[in-house]
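Enquirer: The structure follows.
Nothing in this text is a laboratory measurement; each read-out follows from the coordinates by a stated rule. Since the structure is predicted, the reported quantities are computational estimates derived from the model, not experimental observations. Reconstructed Cβ throughout: ideal geometry from the backbone, glycine too, with neighbour counts over all protein chains shown.
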Amino acid sequence: MSWDQPVRGLLLDIDDTLVDTQAAMRSSCMRGAAAAWPKASPELHESISGIFYDDPGGYFDRYTLGEFPFAQMRAARYHEACRRLGIAEQGFETFEAAYREAFATCQHLFDDVPGMLAAAQAHGVAVAFVTNSGQEQTEIKMTAVGLRGPVVTTDTLGVGKPDPAIFTRAMELVGTPREQTLVVGDTLPTDVVGGRAAGLRVAWLQRTGVSQPRNAGWDTPLSELDDSGVRIIHGLGDLTDWFARD
């Protein structure tokens, strides 16, 4: 697969690629835990938040495989946190209501996103968004930060990344040929593996100073990947050179 081809279509991951979802989730989980357990210590609230975000039970991954609905996945993560902390499995509805309210107000784009999107528009690069989150959660994020465009979520086809069907559907939405379409994301097992399975080039984002996502059993060093179809980038500004290759 040649990197000499210009990029005419972008399939952009959202969470922790465009939007600082880790920060938003941790903050919102703290608010949710404080609402569900108002008399508990801040340390307990932080522990609930940490376990919910880290998802040691792998419930989010199971959701992306179509095993159960989004709401059931969320409840399972909360109850898992309660079990691990030895507290009663109660208060999920209160947690979720406070989480949703907080989550809608704490969405932030990374600083390099507006410039990259402006450059893509200036060069006529078509953009679609590809995420493993649910449709409703994705709409909250996109509305809050002003992202617009076609989006493929796990709810679209009933499965998520790395299923290549997700990327193929997004490529259909941007209407660009496979050899001129680029996947951009921060996670190896979903964005990189899925994009390559769909026969697309992938720009693997590894932001400097930002903790990298868990890699679901992959032992490939984050700085190395023996695949000519993958390029590592450290910021979204690195993409603009490919836009200009007319």
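Enquirer: Sequence gap at least 6, Cα distance under 8 Å: using those rules, report the relative contact order of the chain to the nearest whole percent. Walk me through the numbers on the way to the answer.
Expert: Details: 406 pairs, mean separation 65.9, N = 246.
It rounds to 27 percent for the chain.
Enquirer: Charges only on Cβ, +1 for Lys and Arg, -1 for Asp and Glu: so what's the dipole of region 77-211 about the Cα centre, in debye to the nearest 20?
Expert: For region 77-211, the charge dipole is close to 340 debye.
Enquirer: Tell me which of GLY194, MET142, PRO114 sits at the most positive position along the dipole axis of the chain, charges placed on C-beta atoms (Lys, Arg +1; Asp, Glu -1).
Expert: So the residue we want is MET142.
Enquirer: Stretched out fully, how many nm does the piece from ARG148 to ARG84 gain, at 0.36 nm a residue minus the Cα gap? Write down the numbers at each step before the final one.
Expert: Numbers: separation 64, 0.36 × 64 = 23.04 nm, distance 3.92 nm.
Fully extending the segment from ARG148 to ARG84 adds 19.1 nm.
Enquirer: Let me ask something else. If you place +1 on the Cβ of every Lys and Arg and -1 on the Cβ of every Asp and Glu, how big does the dipole about the Cα centre of the chain come out, in debye to the nearest 20?
Expert: On the way: 21 positive and 33 negative charges, 67 e Å.
For the chain, the charge dipole is close to 320 debye.
Enquirer: For SER133, list long-range residues whose amide hydrogen, built 1.01 Å from N in the peptide plane, is under 5 Å from its own amide hydrogen.
Expert: THR154
Enquirer: How would you order 201-208, 90-97, 227-234 from highest to lowest mean count of nearby Cβ atoms within 10 Å? All intermediate terms of the calculation are to be shown ahead of the outcome.
Expert: Numbers: 201-208: 19.5, 90-97: 16.9, 227-234: 14.8.
In decreasing order of mean packing, 201-208, 90-97, 227-234 become 201-208, 90-97, 227-234.
Enquirer: So, one more: For region 22-103, with only Lys/Arg (+1) and Asp/Glu (-1) charged at the beta-carbon, what is the dipole magnitude about the Cα centre, in debye rounded to 20? Walk me through the numbers on the way to the answer.
Expert: On the way: 9 positive and 11 negative charges, 21 e Å.
Using only the charged Cβ atoms, the result is roughly 100 debye.
Enquirer: Shifting gears a bit: For region 1-131, what percent of Cα pairs sit more than 18 Å apart? Don't jump to the answer; show the numbers that get you there.
Expert: Numbers: 5239 of 8515 pairs.
Result for the distance tail: 62 percent.
Enquirer: What FRET efficiency do you get for GLN121 and ASP54 if R0 is 35 Å and r is their Cβ-Cβ distance, rounded to the nearest 0.05? Before the final figure, lay out the partial values.
Expert: Values: r = 37 Å, r/R0 = 1.04.
It comes to 0.45.
Enquirer: With point charges of +1 on the Cβ of Lys and Arg and -1 on the Cβ of Asp and Glu, referenced to the Cα centre of region 22-103, which listed residue (GLY58, PHE70, GLN22) lies farthest in the positive direction of the dipole?
Expert: So the residue furthest toward the plus end is GLN22.
Enquirer: For the residue pair PHE68 and SER228, what label-to-label distance in nm results when each label sits 7 Å from Cα along the Cα-to-beta-carbon direction?
Expert: It is 4.6 nm.
Enquirer: Only residues of region 36-52 count here: report those whose backbone N is under 14 Å from the spot 7 Å along Cα→Cβ of THR94, or say none.
Expert: Counting only backbone N, you get 36-41, 45.
Enquirer: Also: Per DSSP helix of 4 or more residues, -39500 (n - 2.57); summed, then divided by the residues of the chain. What does that give at 222 nm, rounded to the nearest 500?
Expert: Values: 11 runs with 108 residues, N = 246.
Using -39500 (n - 2.57) per qualifying helix, the result is -13000 deg cm²/dmol.
Enquirer: Where Lys and Arg each count +1 and Asp and Glu each count -1, what net charge lies around ARG31 among other residues with Cβ under 12 Å from its Cβ? Intermediate results must be reported in sequence, preceding the final value.
Expert: On the way: positive: ARG26, ARG100; negative: GLU46, GLU96, GLU101.
Here the charged neighbours net out to -1.
Enquirer: Further question: Set the Förster distance to 22 Å, then compute FRET efficiency between ARG26 and LEU157 from the Cβ-Cβ distance, nearest 0.05.
Expert: Numbers: r = 29 Å, r/R0 = 1.31.
So, using R0 = 22 Å, E works out to roughly 0.15.
Enquirer: Can I ask one more? Between beta-carbons, use under 10 Å as the cut-off and find the net charge around LEU236, counting Lys and Arg +1, Asp and Glu -1. Please report the intermediate quantities before stating the final value.
Expert: Values: positive: ARG207; negative: ASP111, ASP112, ASP238.
Charge balance near LEU236 sits at -2.
Enquirer: Can you tell me the length gained on complete extension of the stretch LEU109 to TRP3, counting 0.36 nm per residue apart and subtracting the Cα distance? Mind showing how you got there, number by number?
Expert: Details: separation 106, 0.36 × 106 = 38.16 nm, distance 2.76 nm.
Taking 0.36 nm per residue and subtracting the Cα distance, the gain is 35.4 nm.
Enquirer: Within 10 Å of each candidate Cβ there may be at most 14 other Cβ atoms; applying that plus a DSSP loop requirement, which GluC sites (Glu not before Pro) in region 17-76 survive?
Expert: Sparse-neighbourhood loop GluC sites (Glu not before Pro): GLU67.
Enquirer: When only Cα pairs under 8 Å and 6 or more residues apart are kept, what is the percent relative contact order across region 22-103? Mind dumping the intermediate values first?
Expert: Numbers: 84 pairs, mean separation 35.8, N = 82.
44 percent.
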